[in-house]
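A short worksheet on the structure shown next.
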Amino acid sequence: MIAPSILSADFANLGAAAEAVSQADWLHVDVMDNHFVPNLTLGLPVVKSLRRATDLPLDCHLMIENPDRWAPGYAEAGAANVTFHAEAARDVIGTARAIRSAGALAGLSIKPGTPIEPYLEVLKEFDTLLVMSVEPGFGGQSFMPEVLSKVRTAREHVNAGHLRLFIEIDGGISADTITQAAEAGVDVFVAGSAVYEAADPGRAVELLREQARAGMARCAHAAGRL
């Protein structure tokens, strides 16, 4: 699935930005509070407005402090998937359950330097694992291929039946990097500048999807040989 990130869109025309990628699977919404990350973007009022402006499922990525308090509100506002950071939460399982109770999928995100192993057991409470392939906070950064080892670990657990979730990746995803991410086992690809800096964002979504499908097919073929 392709989830264009509106962090790279024109903030003065977010409705039009959503319409430009209407064939996408999710619309990725980066919420930053200038505390957990050194950037300030948008919050709950904008998410509520976006919900009215598009039929695309909203994939809200909360890069904020105290997600235990704020995350359920995004689910109540109509987000389809609400992801918060393991590094910021005090009660990872309780927050996941609160998000689900409010009607959304629950996602857990980990920074590039955060190992996945301590969270493998709690991931049973989640619907999405978001692996950051850049340091969270700003768009347009270069892809960090070393994080794909975490994707492969998660994919092994999913394939073995230990976990049931989407594996998502965010940061530096483009025509040059999406295939290797797909081959590692990613299901959902967040792409910002690769979509919104293209002459035709909708066509960019389709091209990324084609590349991702090819990489995922190779991943499935490799898994079948194990």
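Side notes on the structure shown:
- Flag: G172 matches the condition of being touching a residue at least 12 places away in the same chain (Cβ under 8 Å) and either of a type in the set (S, T, N, Q) or on the phi > 0 side of the Ramachandran plot (or both).
- Hits in the range 1-31 - residues which are out of contact with any His (no Cβ under 9 Å at 6 or more places or on another chain), of a type outside the set (V, I, T) and assigned to a strand (DSSP E or B): L27
- Number of residues in the range 1-18 that are out of contact with any Leu (no Cβ under 7 Å at 6 or more places or on another chain) and either under 20 Å from S174 (Cβ atoms) or charged (D, E, K, R) (or both): the value is 7.
- Condition met for V205 (among the β-branched types (V, I, T) and in contact with a helix residue (DSSP H, G or I) (Cβ under 7 Å, 6 or more places away or on another chain)): yes
- The residues of the range 10-30 that are in contact (Cβ under 8 Å) with a residue 12 or more places away in the chain and among the polar types (S, T, N, Q), listed by number, are S22, Q23.
- Those residues of the range 177-208 which are surrounded by fewer than 21 Cβ atoms within 10 Å (Cβ to Cβ) and either without any contact (Cβ under 8 Å) to a residue 12 or more places away in the chain or under 25 Å from G15 (Cβ atoms) (or both), in sequence order: S193, Y196, E197, A198, A199, D200, G202, R203, E206, L207
- Residues being under 15 Å from D30 (Cβ atoms) and of a type in the set (S, T, Y) - total across the range 52-73: 0
- Candidate set from the range 74-88 (those that are under 23 Å from G113 (Cα atoms) and in contact with a Lys or Arg (Cβ under 8 Å, 6 or more places away or on another chain)); member that is surrounded by the fewest Cβ atoms within 10 Å (Cβ to Cβ): E87
- Test: residue in the range 50-59 that is in contact (Cβ under 8 Å) with a residue 40 or more places away in the chain and among the small types (G, A, S): no
- Criterion: within 17 Å of the chain's Cα centre (by Cα), over 30 Å from E197 (Cα atoms) and not basic (K, R) - qualifying residue of A96, A182, A106: A96
- There is no residue in the range 55-73 that is surrounded by fewer than 17 Cβ atoms within 10 Å (Cβ to Cβ) and among the small types (G, A, S).
- Some residue of the range 89-102 being surrounded by 23 or more Cβ atoms within 10 Å (Cβ to Cβ), under 24 Å from G15 (Cβ atoms) and touching a residue at least 24 places away in the same chain (Cβ under 8 Å): no
- Residues of the range 38-65 that are under 19 Å from G192 (Cβ atoms), assigned to a helix (DSSP H, G or I) and hydroxyl-bearing (S, T, Y): none at all.
Read-outs throughout are calculated quantities, based only on the coordinates presented, and are distinct from any laboratory measurement. Treat the numbers as computed from the prediction; the structure is a model and nothing was measured. Virtual Cβ from ideal backbone geometry, glycine too; neighbours counted across all protein chains shown.
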